[in-house]
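The values are calculated or read from the model by the stated rules, or taken from the named source; none is laboratory data. What you see is a predicted model, and the numbers here were worked out from it, not measured in a lab. No Cβ is skipped: glycine too gets one built from the backbone with ideal geometry, and neighbour counts run over all protein chains shown.
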């Protein structure tokens with residue numbers, strides 16, 4: 001039974017969401033403040049977190065930043081809620097490490113679908129021993145981790161999946177539709193809305209100069225290309 005923490009100060013909404021998700025097989029804990037949410041996260045383990053952006057004692061973005069900086073919670077699936085729905089809020093939340101974003105009001109069924117997709121991504125998949133190597137970058141498919149110069153890259157679940165798909169099709173331009181097809185089983189609609197944000201974040205983590213990327217390239221009007229380089233294993237030393 002997946003354990004979920006909901007941090008939201010709207011008692012009525014929290015009760016409705018908790019009842020719905022419990023009926024769907026989740027074990028739910030509810031916190032009405034950031035302080036209570038932090039305490040529960042320190043004392044207990046959860047499979048996912050649903051976090052309101054605006055809380056009476058602080059900003060959900062601050063907690064998101066702290067969770068992603070902590071090795072224990074870095075990969076905790078996190079869905080952010082907001083009553084504002086402003087594009088900038090969504091972009092900042094995703095850049096800080098939220099895996100998905102849902103604006104209030106919402107249908108509980110949509111929240112459930114998104115949570116199930118997040119948990120599928122976070123769950124260990126079929127054993128994969130393959131490690132993709134591209135110069136200084138390694139993508140370990142089994143461990144679902146990427147390393148640059150031997151150090152782990154701090155990717156969210158969404159970002160790892162996108163990097164994996166692009167890298168497995170290295171040298172090939174992929175349209176958005178092709179990327180969505182390759183991400184079958186994931187929250188594709190939510191992913192499509194934020195793909196540019198995730199690409200930007202990936203570049204910031206793996207590129208020497210994110211403003212002039214050499215790995216994850218934009219092909220205007222088409223999609224994205226994970227470029228091969230001469231120092232990649234199996235590549236000729238050609239420009």
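For segment 19-33, which positions are surrounded by fewer than 17 Cβ atoms within 10 Å (Cβ to Cβ), part of a helix (DSSP H, G or I) and in contact with a strand residue (DSSP E or B) (Cβ under 6 Å, 6 or more places away or on another chain)?
Across segment 19-33, the qualifying residue is only 22.
When you check residue 70 against the structure, is it in contact with a strand residue (DSSP E or B) (Cβ under 6 Å, 6 or more places away or on another chain) and on the phi < 0 side of the Ramachandran plot, yes or no?
no
Any chance segment 45-55 includes a residue that's surrounded by fewer than 21 Cβ atoms within 10 Å (Cβ to Cβ) and more than 21 Å from the chain's Cα centre (by Cα)?
No, segment 45-55 contains no residue that is surrounded by fewer than 21 Cβ atoms within 10 Å (Cβ to Cβ) and more than 21 Å from the chain's Cα centre (by Cα).
Looking only at segment 77-96, decide whether some residue is buried (at least 16 other Cβ atoms within 10 Å of the Cβ), at pLDDT 85 or above and part of a loop (DSSP other than H, G, I, E, B).
Keep residues of segment 77-96 that are buried (at least 16 other Cβ atoms within 10 Å of the Cβ), which gives 77-82, 89-90, 92-96.
Checking the rest, the ones that are also at pLDDT 85 or above come to 77-81.
Next, from what is left, pick out any that are part of a loop (DSSP other than H, G, I, E, B): 77.
Yes, because at least one residue in segment 77-96 is buried (at least 16 other Cβ atoms within 10 Å of the Cβ), at pLDDT 85 or above and part of a loop (DSSP other than H, G, I, E, B).
Determine whether residue 102 is surrounded by 13 or more Cβ atoms within 10 Å (Cβ to Cβ) and either within 30 Å of residue 142 (Cβ to Cβ) or modelled with pLDDT of 90 or more (or both).
Values: surrounded by 13 or more Cβ atoms within 10 Å (Cβ to Cβ): yes; either within 30 Å of residue 142 (Cβ to Cβ) or modelled with pLDDT of 90 or more (or both): no.
Answer is no for this residue.
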